[in-house]
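Down below is the structure, laid out as structure tokens.
FYI, it's all coordinate maths here, none of it is from the lab. Fair warning: this is a prediction, and the values are worked out from it, not measured in the lab. Ideal geometry is used to build each Cβ from the backbone, glycine not excepted, and the neighbour counts take in all protein chains shown.
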């Protein structure tokens, strides 16, 4: 069951109200900040109070974390910091307002993925995405079937997660850095192969852990947006578990093993 909560903070000094919304899909253990509405004269402490309220609500849903996208030059950055948010990665959104035909040299087309593609997608995701981000962002948002790209040898070289809305399409591509085709060619082909756009604007996300993608998009006709921070607020504490007995093979290499170890005791009856 999906959860949606809209919080409103009404200052006692008759200032402007602040509104924020969080969302948790039924199959996620995390929550996403959808939007914040505030005025320019809003105090940072008021924003902190609203964020704390949203954090409390996410905890009621047993969420393990909240993620948010925020411009690095935003006046709200300090409020997020005070509320315990930290930066996981940076990203830039590139806006394609018109159909764009990239340079093609007979490359393959992107296809809508099926269940048979998931194993290869997991392998590519594990190679490209840092482990700290894998803990808060799934392989796909699963809002709709995304796209996959296989090279001439039948190897998966890219996939794209898709979310469609009334006015635009959100596209998060994952491209292997070593492909016969250039990233610009792959993106150009992806834009041509996206299904059911119906005139929607395409918002393509380039994350800092894929610098080859952003470098390619800079030379495209897309309009780049401001640099953003992918932020997270953890709601569950990760605790290191120590061994209850000496284990030389582990202690020689790592005196504080990250894998929980416990003694096995014989149950004698």
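Taking other C-beta atoms within 10 Å as the exposure proxy, 93, 218, 4 rank 4, 218, 93 from fewest upward. Note: region 93-225, Cα convex hull, 110 Å³ per residue. Quickly work out the residue 142-to-residue 16 label distance, labels modelled 7 Å from Cα along the C-beta direction, and quote it in nm with one decimal. Placing both labels 7 Å along Cα→Cβ, they lie 3.8 nm apart. When 175, 72, 145 are arranged by Cβ crowding within 10 Å, least crowded first, meaning fewest neighbours, the order is 72, 145, 175. Rounded to the nearest 0.05, what FRET efficiency do residue 44 and residue 151 have when you use their Cβ-Cβ distance and R0 = 51 Å? Here the calculated transfer efficiency is 0.55. Measuring r between the beta carbons of residue 163 and residue 62 and using R0 = 22 Å, the FRET efficiency lands at 0.40. Between residue 4 and residue 72, full extension at 0.36 nm per residue minus the direct alpha carbon distance yields a gain of 21.9 nm. When restricted to Cα atoms, region 3-84 yields an Rg and a Dmax of 12.6, 40 Å, respectively.
Remark: spin-label model distance residue 236-residue 198 equals 3.8 nm, labels positioned 7 Å along the Cα→Cβ axis.
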